[in-house]
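Shown next, in structure tokens, is the structure this report addresses.
The values are calculated or read from the model by the stated rules, or taken from the named source; none is laboratory data. Bear in mind that the values here come from a model prediction, so they are computed numbers and not experimental data. Don't worry about glycine lacking a Cβ; one is built from the backbone with ideal geometry, like all the others, and counts go over all protein chains shown.
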Amino acid sequence: MVAASEPGAARPGPLKRATSAGLLVFRRGPAGLQFLLVHPGGPFWRRRDEGVWSIPKGLLEEGEDGLQGAMREFGEEVGLQVGGDFVRLAPLRQRSGKTVLCWLVAADLDLSGFHSNTLEMEWPPRSGRKLIVPECDRAEYFAADVALVKILSGQRDFIREALRLLGDEAKVEAKQARPGAVATRSVADTSA
């Protein structure tokens, strides 16, 4: 048997050119649009907040349909299923060279069922000590102006495009000029 790490071995798994796919879930509340983001799990991210949240997303497997992969990743990272009318947003290329595909969908999810898959990591780095942590430790709906601050800079254009498509861009720009925006509906993962 040839090990997957040996040259010439067939390697099922992520595509050679890294492509991730995810969902940008939104809902309309009394205060306007809110977007669902996830916070990365593990000790490195524990005390970090602004600019580290993400859409639920992950690497596509070879031959996998983008939307199907986005829905699979959403289920893995949030522990919930979502359906509806999916609108493809413009793909974004990250500084790392990875391309992220994203679909916009409306869903007012009950986040009390939130739970994320886990991953193994070495912590502290180069210590030899292994930890099992949730891939995402929180899922939360944020008002659009707050989501633009919380989300990774390389994914902000997903929210901006969604706002343009949904006709709420001007309201968010006006609200960003006022301090004190508050996030809503946070759920911490207690499985780790």
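Considering (1) of a type in the set (A, V, I, L, M); (2) under 23 Å from D145 (Cα atoms); (3) at pLDDT below 95, the lone condition that A3 does not fulfil carries the number (2). Per this entry, W45 is not counted among residues that are within 24 Å of A18 (Cα to Cα), surrounded by 15 or more Cβ atoms within 10 Å (Cβ to Cβ), of a type outside the set (D, E) and at pLDDT 95 or above.
Starting from residues that are small (G, A, S) and closer than 17 Å to R28 by Cβ, keep the ones in the stretch 119-154 and report whichever is surrounded by the fewest Cβ atoms within 10 Å (Cβ to Cβ). Residue satisfying both the conditions and the ranking: A143.
Could you look through the stretch 82-118, keep only residues that are free of Cβ contacts under 8 Å to residues at least 60 places away in the same chain and closer than 16 Å to R138 by Cα, and pick out the one that is surrounded by the most Cβ atoms within 10 Å (Cβ to Cβ)?
Looking only at the stretch 82-118, we keep the residues that are free of Cβ contacts under 8 Å to residues at least 60 places away in the same chain, and these are 82-85, 88, 91, 93, 95, 110, 113, 117.
Add one more test, that the residue is closer than 16 Å to R138 by Cα, and what stays is 110, 113, 117.
Working: D110: 9, G113: 11, N117: 16.
Filtering the stretch 82-118 for residues that are free of Cβ contacts under 8 Å to residues at least 60 places away in the same chain and closer than 16 Å to R138 by Cα, the one surrounded by the most Cβ atoms within 10 Å (Cβ to Cβ) comes out as N117.
For the stretch 110-145, what are the residues that are among the hydrophobic types (A, V, I, L, M, F, W, C) and more than 28 Å from Q81 (Cβ to Cβ)?
Across the stretch 110-145, the qualifying residues are W123, L131.
Restricting attention to the stretch 91-101, the residues that are touching a Cys at 6+ places or on another chain (Cβ under 8 Å) and in a loop (DSSP other than H, G, I, E, B) total 1. Just one of the listed residues (L104, L131) is at negative phi, touching a helix residue (DSSP H, G or I) at 6+ places or on another chain (Cβ under 9 Å), of a type in the set (A, V, I, L, M, F, W, C) and in a strand (DSSP E or B), namely L104.
Only one residue in V25, V38 is surrounded by 13 or more Cβ atoms within 10 Å (Cβ to Cβ) and closer than 14 Å to R138 by Cβ, so which one is that? Walk me through it before giving the result.
Details: V25 fails: closer than 14 Å to R138 by Cβ.
On inspection, the qualifying residue turns out to be V38.
Is it the case that the stretch 113-125 has a residue that's modelled with pLDDT under 95 and assigned to a helix (DSSP H, G or I)? Yes.
To keep it simple, each residue is scored yes or no on (1) among the hydroxyl-bearing types (S, T, Y); (2) in contact with a Ser or Thr (Cβ under 9 Å, 6 or more places away or on another chain).
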{"site": "L59", "(1), (2)": "no, yes"}
{"site": "Q68", "(1), (2)": "no, no"}
{"site": "E73", "(1), (2)": "no, yes"}
{"site": "L80", "(1), (2)": "no, no"}
{"site": "G83", "(1), (2)": "no, no"}
{"site": "S96", "(1), (2)": "yes, no"}
{"site": "T99", "(1), (2)": "yes, yes"}
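The residue pairs whose first member lies in the stretch 123-151 and is aromatic (F, W, Y), whose second member is assigned to a helix (DSSP H, G or I), and whose beta carbons are closer than 9 Å, counting only pairs six or more residues apart or on different chains, are Y141/L111; Y141/A147; F142/L148; F142/V149; F142/K150. Among all positions in the stretch 57-77, there is at least one residue which is in contact (Cβ under 8 Å) with a residue 24 or more places away in the chain, crowded, with 21+ Cβ neighbours inside 10 Å and in a loop (DSSP other than H, G, I, E, B).
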